[in-house]
1. Report, by residue number, each residue of the range 1-38 that is part of a helix (DSSP H, G or I) and either hydrophobic (A, V, I, L, M, F, W, C) or under 18 Å from I104 (Cβ atoms) (or both).
2. Which condition does E70 not pass, out of (1) more than 8 Å from the ligand (Cβ to nearest atom); (2) in contact (Cβ under 8 Å) with a residue 12 or more places away in the chain, if it passes all the others?
3. Take the residues in the range 96-133 that are within 11 Å of the ligand (Cβ to nearest atom) and either open to solvent by less than 10 Å² (accessible area, probe 1.4 Å) or in contact (Cβ under 8 Å) with a residue 60 or more places away in the chain (or both), then tell me which one is nearest to K166 (Cα to Cα).
4. Got at least one residue in the range 72-85 being surrounded by 15 or more Cβ atoms within 10 Å (Cβ to Cβ), out of contact with any Ser or Thr (no Cβ under 6 Å at 6 or more places or on another chain) and assigned to a helix (DSSP H, G or I)?
5. Filter the range 39-63 down to residues that are part of a helix (DSSP H, G or I) and open to solvent by 20 Å² or more (accessible area, probe 1.4 Å) and give me whichever is nearest to the ligand (Cβ to nearest atom).
6. Taking the options D155, D148, D168, name whichever one is within 16 Å of the ligand (Cβ to nearest atom), of a type in the set (D, E, K, R), within 16 Å of the chain's Cα centre (by Cα) and open to solvent by 10 Å² or more (accessible area, probe 1.4 Å).
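The values are calculated or read from the model by the stated rules, or taken from the named source; none is laboratory data. Everything quoted here is computed from the prediction, not taken from an experiment. Neighbour counts run over all protein chains shown; Cβ positions are idealised from the backbone, glycine included. Note: areas computed on protein heavy atoms with side chains; ligands, DNA, RNA excluded. Shrake-Rupley method; radii C 1.70, N 1.55, O 1.52, S 1.80 Å.
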Amino acid sequence: MFMKKTGLIYSFNSPRSARLAKKIQDELGKDNIDMINAEDITEEKFLSYDNLILGVPTWFDGELPNYWDEFVPALEDMNLKGKTIAIFGAGDQKGYPENFVDGIGIMADLLSERGARIIGETSAEGYSFENSKAFRNGKFIGLALDLDNHSKLIDDKIKDWAGQLKKDFK
Ligand SMILES: Cc1cc2nc3c(=O)[nH]c(=O)nc-3n(C[C@H](O)[C@H](O)[C@H](O)COP(=O)(O)O)c2cc1C
């Protein structure tokens with residue numbers, strides 16, 4: 001398997017996202033993945049990778065966390081043609097059934113509208129929620145991880161997703 005150097009951007013200050021990011025890095029191989037703090041991401045750094053994995057949990061009833069929200073104006077000015085991007089995100093389907101992992105969907109739209117190819121869609125089987133901006137044509141557009149209600153499934157879901165990314169990243 002050959003994989004171009006991939007940037008994995010997530011908040012170093014969110015213990016949950018950080019734990020998930022490290023599991024993903026372990027599955028894909030430490031040498032293939034650069035770990036980058038979303039809280040001090042720059043346009044230059046973001047654009048220096050053709051392959052990206054973004055950690056985007058949902059906060060505030062269906063919104064992006066502050067650190068991603070602050071980067072949205074920069075994203076809106078980007079041309080992302082040629083970029084391949086996968087998104088994972090934590091959410092809580094019981095606590096927030098109307099907005100389950102919305103952040104994944106919000107980020108996917110921002111990126112695909114600017115030319116990025118989004119990979120890493122996953123089955124929504126076994127989840128229970130009312131609405132999700134990440135739910136498209138019967139699937140999630142990224143990897144939805146529910147640490148509050150599905151903690152036992154996390155490792156297998158990450159393993160499967162990493163296998164999928166290895167095939168879909170160029
Ligand atoms: C105030 C608050 C609002 C939240 N809103 C949502 C939401 O709208 N949708 C969702 O799926 N999860 C929501 N969550 C759950 C978080 O996404 C979940 O706890 C996640 O594990 C946080 O990951 P992080 O600590 O890495 O940021 C919310 C949590 C809090 C505390």
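1. Scanning the range 1-38 gives R16, S17, A18, R19, L20, A21, K23, I24, L28, A38.
2. Every listed condition holds for E70 apart from (2).
3. I104
4. The answer is yes, given that some residue of the range 72-85 is surrounded by 15 or more Cβ atoms within 10 Å (Cβ to Cβ), out of contact with any Ser or Thr (no Cβ under 6 Å at 6 or more places or on another chain) and assigned to a helix (DSSP H, G or I).
5. Taking the candidates together, the pick is E39.
6. Being within 16 Å of the ligand (Cβ to nearest atom), of a type in the set (D, E, K, R), within 16 Å of the chain's Cα centre (by Cα) and open to solvent by 10 Å² or more (accessible area, probe 1.4 Å) holds for just one of D155, D148, D168, which is D155.
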